[in-house]
Amino acid sequence: MFAGKSEELIRRVRRAHLAGLRVEVLTHALDTRYAEGITAHTGDRIPARAVADAPALRDLLRAGAPDLLAIDEAQFFGPDLVDPVLEAARAGSIVVVAGLSVTFDGDPFPPLPALMALAEDVRKLTAVCSVCGRDAAYHQRIRAGDEDGLEIGVRSVGGAESYRARCLLHHERS
């Protein structure tokens, strides 16, 4: 989180639009923080279609593969996302996937590790550790007693109000 994943996805989508490509932008329906679209923490936004799961994505792609398929919040789709992504790529789509590769506990977050292994190009972005300023590949869930005193559920969608970027040295496993 806070590494610029959605910003990079938005940048790639805008470049594809400038090139006149057919673009399909998707996000997971679980993320209801923003109205109909993808919004980066910077406030930058683009329209996107909300999809509930990987089978719904597959149904949507039956109408034809776009030139660019952009998927945000990929971690919420789970392992079932891998096959439709590969099908779209094999059909000729450029596929750009943005999501968290680790959970707040620091464990691999499916489907990102599998997608990263199969991808032709991987750009792993990092945030800035909120404790020391180092590169931060992890995010720490805020708990009761922490600076904001929030208690969060197991499968929560959130931003700065719920999580903090942390480097490996400052990440605490739950």
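The values are calculated or read from the model by the stated rules, or taken from the named source; none is laboratory data. It should be emphasised that the depicted structure is a prediction, and the values quoted were computed from it without experimental measurement. Quick reminder, even Gly has a Cβ in these numbers, built from the backbone with ideal geometry, and neighbours come from all protein chains shown.
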(Q) Among the residues that make up segment 78-89, is at least one of them in contact (Cβ under 8 Å) with a residue 60 or more places away in the chain and either outside any loop (DSSP other than H, G, I, E, B) or hydrophobic (A, V, I, L, M, F, W, C) (or both)? (A) no
Q: Quickly run through segment 52-72 and pick out the residues that are in contact (Cβ under 8 Å) with a residue 40 or more places away in the chain and buried (at least 24 other Cβ atoms within 10 Å of the Cβ).
A: L69, A70, I71, D72
(Q) Among the residues that make up segment 54-73, is at least one of them of a type in the set (K, R) and more than 24 Å from L118 (Cα to Cα)? (A) no
Q) Can you spot a residue in segment 19-27 that is at pLDDT below 95 and within 20 Å of H139 (Cβ to Cβ)? A) yes
Q: Starting from residues that are of a type outside the set (G, A, S) and in a loop (DSSP other than H, G, I, E, B), keep the ones in segment 90-114 and report whichever is nearest to R173 (Cα to Cα).
A: D105
**Q.** Selected residue (criterion: surrounded by the fewest Cβ atoms within 10 Å (Cβ to Cβ)) from residues of segment 1-18 that are among the hydrophobic types (A, V, I, L, M, F, W, C) and at pLDDT 85 or above
**A.** L18
Q: Determine which single condition A40 fails, assuming it passes every other condition in (1) surrounded by fewer than 21 Cβ atoms within 10 Å (Cβ to Cβ); (2) of a type outside the set (V, I, T); (3) under 12 Å from the mean Cα position of the chain (by Cα); (4) over 14 Å from R12 (Cβ atoms).
A: (4)
